[in-house]
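As structure tokens, the structure follows; a few thoughts come after it.
The values are calculated or read from the model by the stated rules, or taken from the named source; none is laboratory data. Fair warning: this is a prediction, and the values are worked out from it, not measured in the lab. Positions of Cβ are generated from backbone atoms using ideal geometry, with glycine treated the same way; all protein chains shown enter the neighbour counts. All accessible areas refer to the heavy atoms of the entire protein, side chains included, with ligands and DNA or RNA removed. Shrake-Rupley method; radii C 1.70, N 1.55, O 1.52, S 1.80 Å.
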Amino acid sequence: MKERFPSLIALFLLLALVVGTWWAAEYTQRAVQNDPPRRFTHEMDAWSRNFTMVRADVDGKPINRLEGDYGEHYPDDDSYVVTMPRAVGLRPGTPVTIGTSLTGTMYEGGKRIVMEKNAHLHRMPDAETPPMDVHSQKLIILPDDDVMYTDLPALVTRGQSTMNGTGMKYNNKTRQLEVFSATNVNINNTDTQGHSSSGKSGNGKPADGAKPSPANTESAPQQKKP
């Protein structure tokens, strides 16, 4: 029995050490406050004055820039809400586009920009086409595709031609403007010179102008592509 007594003491001390360690760990977990779980409510976590964000292509060339007086970031959908935004399309080989509005929201790291309240898109002129302006209460810009569209009423001005419609889509790569429901079209002759009836310009390039949607061709059957 005397020979086993030291072993029993060692076993007892080992058990006491295990129990003490377990208790200390539990006490620490209860005493130290853990980080609260992430809340998925739409709450701002960062802000910036003179907000500017530039996106580049795989070669490092800038393709669009979004700037504004003030910007807020919301982590639940990773969006940026910008006051007085100015979205500039800088894709090489296409005319520069400038979108402005009172408020704007950037989603998906800049892949989609929603311009709201007095939204305006200005397409700069080039050697072949006059400037073009689109006014609406909401314009959605897809910088990667160089496309702008809206489902709301919009006014398009190209050169001396104007067009009112509901639902429009403009592709800056192809210079094509689709109007889904035109209500008032005024095409100036000077804006159609040099374009054939098939919608091609005199040099064989696609005409930069309005094209009625196939589902609404009767809304403007006489309409030509300026």
>> So in the stretch 46-94, with the set limited to residues that are small (Gly, Ala, Ser) and not in a loop (DSSP other than H, G, I, E, B), which one is surrounded by the most Cβ atoms within 10 Å (Cβ to Cβ)?
In response: Ala87
>> Condition first: in contact (Cβ under 8 Å) with a residue 24 or more places away in the chain, buried (at least 17 other Cβ atoms within 10 Å of the Cβ) and in contact with a strand residue (DSSP E or B) (Cβ under 7 Å, 6 or more places away or on another chain). Now tell me which residues in the stretch 153-164 satisfy that.
In response: Val156, Arg158, Ser161, Met163
>> Suppose the filter is over 30 Å from Val134 (Cα atoms) and among the hydroxyl-bearing types (Ser, Thr, Tyr); does Thr83 pass it?
In response: no
> How about the stretch 119-130: which of its residues are within 18 Å of Thr162 (Cα to Cα) and either open to solvent by 50 Å² or more (accessible area, probe 1.4 Å) or out of contact with any Lys or Arg (no Cβ under 9 Å at 6 or more places or on another chain) (or both)?
Replying inline: His120, Leu121, His122, Met124, Pro125
> Is the stretch 83-99 home to any residue that is modelled with pLDDT of 90 or more, small (Gly, Ala, Ser) and out of contact with any Ser or Thr (no Cβ under 8 Å at 6 or more places or on another chain)?
Replying inline: yes
> How many residues, within the stretch 40-68, are free of Cβ contacts under 8 Å to residues at least 40 places away in the same chain and closer than 20 Å to Gln137 by Cα?
Replying inline: 2
>> Looking only at the stretch 99-137, count every residue that is outside any strand (DSSP E or B), without any contact (Cβ under 8 Å) to a residue 60 or more places away in the chain and hydroxyl-bearing (Ser, Thr, Tyr) and tell me the total.
In response: 1
